[in-house]
Amino acid sequence: MKTKLFLLITGICSACTYAQIEFQEHIITYADIAKKVYSADLNGDGDMDVLFTGEDKVAWYENIGGGNFGPQQIIVDYSPSSLDLADVDLDGDMDILVVDYWFENIDGLGDFSSQHYVGSGGSRSSFTDLDGDGDMDVLTAVYEAINEWEGVYRIIWYPNVGGGNFPNYQGIAYFEWFFLNTFTLLPVDINGDGDMDVVMSGGWYENLGGGAFGSWHDFEVSASPRYFEDLDEDGDIDLIGFNYNNQIDDWYRNDGQGNFSFVSTIGNG
């Protein structure tokens with residue numbers, strides 16, 4: 001069964017008592033599996049293109065105007081466990097991170113170089129500035145199996161020493177997790193102090209500054225973190241988590257220091 005990769009154009013129904021958003025479907029392509037989908041201006045023409053990873057590739061589609069998209073342009077011909085994008089070499093265009101490697105947008109037009117090595121064995125890799133020096137570092141988890149169902153994640157990060165070079169890594173923690181498909185690893189400024197903390201399933205490590213990390217803080221919530229947004233517009237990041245017991249999404253309010261309290265259920269996960 002094919003999955004549709006589509007663009008949503010929104011409109012507001014003003015005739016309703018409560019505003020409702022209506023969506024019109026615009027199909028970009030069909031894919032067997034679409035694991036991750038991003039929108040970004042990959043060719044520097046001012047509109048948002050679409051980058052995605054599917055069953056056997058990472059590819060992008062150029063927005064040729066008016067929400068119409070050109071043919072598929074393949075970057076790699078395999079499906080990675082993680083995908084992210086940022087301007088790694090600070091040349092003004094968007095580069096791509098595919099697990100252990102990054103690909104340079106060599107001309108700013110969406111033509112990507114051969115792979116640049118970061119480090120081996122990573123998963124759930126992402127770009128983020130952990131040491132606050134203005135360039136993108138790499139946060140990743142290296143999995144070490146204990147048995148078929150459980151293992152240990154070695155949480156590490158690679159400082160970008162300039163130009164997208166990552167010669168060494170620094171350790172953050174070892175983290176045991178029993179349900180591998182539910183493991184979370186995200187960079188988020190949980191306590192609002194201006195640097196990126198490291199969020200994992202169940203809690204977070206505070207970035208003390210310069211990429212040095214403090215002790216573990218438990219979320220003490222009954223949901224697995226999925227998204228972090230300022231839902232109540234009070235200036236700090238709240239938590240949206242999936243409650244596996246009830247199969248629903250809950251949201252939790254951040255008190256500004258990284259302590260979370262249940263507010264309400266959003267809906268089915």
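Mind checking which residues of the range 195-217 are free of Cβ contacts under 8 Å to residues at least 40 places away in the same chain and over 21 Å from the mean Cα position of the chain (by Cα)?
LEU208, ALA212, GLY214, SER215
The conditions are (1) in contact (Cβ under 8 Å) with a residue 60 or more places away in the chain; (2) open to solvent by 20 Å² or more (accessible area, probe 1.4 Å); (3) within 28 Å of HIS116 (Cα to Cα), and ALA145 fails exactly one of them. Which is it?
Of (1) in contact (Cβ under 8 Å) with a residue 60 or more places away in the chain; (2) open to solvent by 20 Å² or more (accessible area, probe 1.4 Å); (3) within 28 Å of HIS116 (Cα to Cα), only one is false for ALA145: (1).
Are any residues in the range 215-233 assigned to a loop (DSSP other than H, G, I, E, B) and open to solvent by 80 Å² or more (accessible area, probe 1.4 Å), and if so, which ones?
Step one: filter the range 215-233 for residues assigned to a loop (DSSP other than H, G, I, E, B), giving 219-223, 230-233.
Those that are assigned to a loop (DSSP other than H, G, I, E, B) and open to solvent by 80 Å² or more (accessible area, probe 1.4 Å): GLU220, GLU233.
Regarding TYR38, is this residue of a type in the set (Ser, Thr, Tyr) and either at pLDDT below 85 or open to solvent by less than 70 Å² (accessible area, probe 1.4 Å) (or both)?
On the way: of a type in the set (Ser, Thr, Tyr): yes; either at pLDDT below 85 or open to solvent by less than 70 Å² (accessible area, probe 1.4 Å) (or both): yes.
The answer is yes for TYR38.
Each row is one residue, and each column tells you yes or no for (1) at pLDDT 95 or above; (2) under 16 Å from ALA173 (Cβ atoms); (3) hydrophobic (A, V, I, L, M, F, W, C).
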site	(1), (2), (3)
MET200	no, yes, yes
GLY214	no, yes, no
SER222	no, no, no
ILE237	no, no, yes
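Any idea which of ASN207, ASN191 is of a type in the set (S, T, N, Q), assigned to a loop (DSSP other than H, G, I, E, B) and open to solvent by less than 30 Å² (accessible area, probe 1.4 Å)?
Values: ASN207 fails: assigned to a loop (DSSP other than H, G, I, E, B).
Among ASN207, ASN191, only ASN191 is of a type in the set (S, T, N, Q), assigned to a loop (DSSP other than H, G, I, E, B) and open to solvent by less than 30 Å² (accessible area, probe 1.4 Å).
Based on this model, can you work out whether ILE64 counts as in contact with a strand residue (DSSP E or B) (Cβ under 9 Å, 6 or more places away or on another chain) and under 27 Å from GLY162 (Cα atoms)? Steps first, please.
Details: in contact with a strand residue (DSSP E or B) (Cβ under 9 Å, 6 or more places away or on another chain): yes; under 27 Å from GLY162 (Cα atoms): no.
Here the answer is no, as ILE64 does not meet what is asked.
Quick test for you: out of ASP77, ASP93, ASP84, pick the one residue that is loosely packed, with under 11 Cβ neighbours inside 10 Å, within 22 Å of the chain's Cα centre (by Cα), at pLDDT 90 or above and of a type in the set (D, E, K, R). Spell out how you get there, then give the answer.
Values: ASP93 fails: loosely packed, with under 11 Cβ neighbours inside 10 Å; ASP84 fails: loosely packed, with under 11 Cβ neighbours inside 10 Å.
Testing whether each residue is loosely packed, with under 11 Cβ neighbours inside 10 Å, within 22 Å of the chain's Cα centre (by Cα), at pLDDT 90 or above and of a type in the set (D, E, K, R) leaves just ASP77.
Do we find that TYR153 is aromatic (Phe, Trp, Tyr), closer than 21 Å to ASP197 by Cβ, open to solvent by less than 50 Å² (accessible area, probe 1.4 Å) and at pLDDT below 90 in this structure?
Numbers: aromatic (Phe, Trp, Tyr): yes; closer than 21 Å to ASP197 by Cβ: yes; open to solvent by less than 50 Å² (accessible area, probe 1.4 Å): yes; at pLDDT below 90: yes.
Criteria met by TYR153.
Looking at the range 104-142 only, could you name the residues that are among the β-branched types (Val, Ile, Thr), without any contact (Cβ under 8 Å) to a residue 60 or more places away in the chain and open to solvent by less than 40 Å² (accessible area, probe 1.4 Å)?
Taking the range 104-142 as the starting set, the residues that turn out to be among the β-branched types (Val, Ile, Thr) are 106, 118, 128, 138, 140, 142.
Filter again for without any contact (Cβ under 8 Å) to a residue 60 or more places away in the chain, leaving 106, 118, 138, 140, 142.
Within the range 104-142, VAL118, VAL138, THR140, VAL142 qualify.
What number of residues in the range 140-174 are under 22 Å from ALA212 (Cα atoms) and in a strand (DSSP E or B)?
Residues flagged as under 22 Å from ALA212 (Cα atoms) and in a strand (DSSP E or B) within the range 140-174 amount to 16.
Restricting the range 52-72 to residues that are free of Cβ contacts under 8 Å to residues at least 24 places away in the same chain and in a strand (DSSP E or B), which is nearest to the chain's Cα centre (by Cα)?
In this case the residue turns out to be ALA59.
The values are calculated or read from the model by the stated rules, or taken from the named source; none is laboratory data. Values in this document were obtained by computation on a predicted structure and should not be read as measured data. In this analysis, Cβ positions are derived from the backbone assuming ideal geometry, glycine residues included, and neighbour counts consider all displayed protein chains. What goes into the accessible areas is simple: the full protein's heavy atoms, side chains included, and nothing from ligands, DNA or RNA. Shrake-Rupley method; radii C 1.70, N 1.55, O 1.52, S 1.80 Å.
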